[in-house]
1. Filter the stretch 472-491 down to the residues that are modelled with pLDDT under 90, surrounded by 14 or more Cβ atoms within 10 Å (Cβ to Cβ) and aliphatic (A, V, I, L, M) and list them by number.
2. On the basis of being under 27 Å from Asp168 (Cα atoms) and modelled with pLDDT of 85 or more, does Ala234 make the cut?
3. Can you tell me which residue is farthest from Val748 (Cα to Cα) among those in the stretch 313-360 that are assigned to a helix (DSSP H, G or I) and small (Gly, Ala, Ser)?
4. Under 8 Å by Cβ, and 6 or more places apart or on different chains, what pairs join a residue from the stretch 632-651 that is in a helix (DSSP H, G or I) and surrounded by fewer than 19 Cβ atoms within 10 Å (Cβ to Cβ) with one that is modelled with pLDDT of 80 or more and of a type in the set (Phe, Trp, Tyr)?
5. I want to confirm something. Restricting to the stretch 520-549 and keeping residues that are over 22 Å from Ser589 (Cβ atoms) and assigned to a strand (DSSP E or B), which single residue is modelled with the lowest pLDDT?
6. What are the residues in the stretch 167-192 that are among the hydrophobic types (A, V, I, L, M, F, W, C) and assigned to a strand (DSSP E or B), if any?
7. Do we find that Ala604 is modelled with pLDDT under 85, surrounded by 15 or more Cβ atoms within 10 Å (Cβ to Cβ) and of a type in the set (A, V, I, L, M) in this structure?
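The values are calculated or read from the model by the stated rules, or taken from the named source; none is laboratory data. From a predicted model like this one, the values you see are computed outputs, not experimental measurements. All Cβ positions, glycine included, derive from the backbone under ideal geometry; neighbour counts span all protein chains shown. Ligands, DNA and RNA are excluded from the accessible area calculation, which covers all protein heavy atoms including side chains. Shrake-Rupley method; radii C 1.70, N 1.55, O 1.52, S 1.80 Å.
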Amino acid sequence: MELLRSNLSRVRIPEPTNRIYKQECCISFDSPKSEGGLFIDMNTFLAFSKECVIWNYEKTRNPVYLHIKQTKKSIPEDRPLKKPTRLAIGLDGGFDNNEPEYEETVSIVILPDFVSLPFPSVELPEKVRLAVDAILLADGAERKEQLASWIADKKQVSAFATNLQQIDDGVVIPRSGWKCCKCDKTDNLWLNLTDGMIFCGRKNWDGSGGNNHAVEHYKETNYPLAVKLGTITADLGAADVFSYPEDESVEDPLLAKHLAFFGIDFSSLQKTELTTAERELDQNTNFDWNRIQESGQEMEPLYGPGYTGLVNLGNSCYLASIMQVVFSTQSFCSRYYKNQNLKLAFETAPADPTLDLNMQLTKLGHGLLSGKYSIPAEEKADIARSTTPIKQEGIPPRMFKAVIAASHPEFSTMRQQDVLEFFLHFLDQVERANAVKPELDPVKSFKFGIEERLLCSSEKVAYNKRIDYILSLNIPLHEATNKEQLEAFLKLKAEKSLEGKEVSGDEIVRPRVPLEACLATFSAPEEVQDFYSTALNAKTTALKTAGLTSFPDYLVLHMRKFIMEGWVPKKLDVYIDVPDVIDISHMRSNGLQAGEELLPEEVAGVRNVEPGKPSPNEDIVSQLAAMGFNYLHCQKAAINTANAGVEEAMTWLLSHMEDPDINDPIEHTSDQPFVDESKVDTLVSFGFSKEVARKALKGGNIENATEWIFSHPDGSDLDMDATSSSPSCAADAGLPDGGGRYKLKGIVSHIGTSTHCGHYVAHVHKDGRWVIFNDDKVGASIDPPKDMGYLYFFERLNS
């Protein structure tokens, strides 16, 4: 006790604004449930495992800690299983994971000798008692940053309900025996509340559901509200009402009146159909997406180093799938595991390691690859009574998600995200975090150069180079190898449609397109209309081809499965035949050839006008281009929205697609080469002046710019120019390069109709076999869905 009193100056009573960590170690994934429990620094309120707390003491000399240990209580074998009644996790009526209950013990521990004092105790100093009470009562920072509970949005009252017009055509709805007015569907039926017509619901992505007759009726009539038959009971609040103009499930406060108009006595009706929310609940309870998740397969669970699952934090499967593939690469494995121990990372991290990306990547790397947390979960009551193999508990990437998403308004939410956007954002953040020591940067293993050759009608050429991390490929459906089967299927579908029937899931035939055909679209010649030629000083037509100036260690292929039909995104229902080994040697670009003459020195396709035009943010441009938009159009969208963001740029782009000058070259001054202001800010954060940063970034690349600054400490060579049309610019200097043969290493697959909903799953080839990573479930893959990938990761084969 005297030892504690002598260290009272190192004890703080937390303020309401202090972040208190008490669920997970800042350096490892140990928790109060771990064998050694958790130690909370009573000065900084950071939490540490028993192994790591001594490192914190050595770094900060803070000796007083609150020790929390949780021990599992025994669970009665006859504990009943509860069926969820609402779309929620961790709330009453929500998903019951049958989590065991824990008994918690608390004590005060003084380092370095781990002297322990019991709590509660009247002998403890008042300051310590107040500090401990405040820590125990406070919401943990982990809970504040990553909400543990999730619930579907509450239904809003429809704007169309109060003044809904109803047409009296003598329609009276019977109590049963309903059928769609346009087909033979007798389930998933919707009653339009304006005219009383009954139609079937929407067709699901997998062919199930209805035939879209209800939504087609709305498009023909603009009658806004429909109620799902079979969901109407005495509890009208539970009825499923959908508003087509608002495009969501809504509440109709006058539903009783609207139903009575058609002679419906809701008090005597029994529920026979699932509401939309309940269908969503069933999908969340048990995904019916068999192929990608390999459901129904007797899969062998895997444990040990490299086989650690990631707990889903609530729509975080996009993050989990990418991190599993990324940490299977040698570059990330070496940077954040083999060549980086936890203690060194902590010693070099700032005062709060939870805010340091390199620290949290090291923590994640050790968590995934060490095998420490890849052990079978202890049997729970429901598992013990089933034949399902015992899965592991996995690790929750809370702190990593918080720091990687801190600068991004979308990734910091609990909503589902596009895995491609997250991958590009992740690489950008890692590259920035390693900018001071670019030789350690693992991102360069994904980098490669792209060179575009423009052949003007004057027979002169221009070469433009850029750096990229992914190769985004169109899917040429006309190159399908199963055209005969497709024609037969379309004929069968048409015949069944005339009969009011739909094809079964087993009868559906999807196009099969070879990957080599997709790769060919990247290199295929493309006409560029209204190209401004500096040789002719006029607009003309140019022929554009593209190739790679370097081959990266890891080649990432993005399949453009999501296309825009008018204003509506659509997912292509297609299979891609992907071989285990590919050779892209023929895609190498060799720059200016003998006999070719370059266009005049002015930047190809760019006219010189008044100064002051902003430069397009390359991150925004690359993300839009990856979605399939024209690269020039993407640049214009970024410029005309002042680089506000991807969403703003896309909105501008979609509303200006038909502009007569959309293909006109971008105008800027010849003495003002494009400089990405976000990269300027990055260099400024390293301590360089803006003037020097802008000079260095004329080459466009942070790595080259940093090297240039250190080799020109006096700021000389002010006229360094990387805007010439000459292919000899150093845009791809320092990039990894090698042969063009690659082996398939990983697949990220998407299930659902949009990148912002559904589910992502990763398959990785390691230790001579394919492994499925489905959040916290890890197992030996029996039938990896190589033909259903959204992102493909290839590893270069050494000659």
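1. Residue satisfying the conditions is Leu486 alone.
2. Judged against the criteria, Ala234 is not a match.
3. Only one residue tops the list, namely Ala345.
4. Asn640/Trp652
5. Checked the stretch 520-549; the qualifying residue modelled with the lowest pLDDT is Asp530.
6. Result: Leu189, Trp190, Leu191.
7. Spelling it out, Ala604 is indeed modelled with pLDDT under 85, surrounded by 15 or more Cβ atoms within 10 Å (Cβ to Cβ) and of a type in the set (A, V, I, L, M).
Condition check ((1) open to solvent by less than 10 Å² (accessible area, probe 1.4 Å); (2) in contact (Cβ under 8 Å) with a residue 60 or more places away in the chain; (3) more than 28 Å from the chain's Cα centre (by Cα)) across all residues:
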residue	(1), (2), (3)
Val430	yes, yes, no
Leu440	no, yes, no
Glu452	no, yes, yes
Ser457	no, yes, yes
Lys460	no, yes, yes
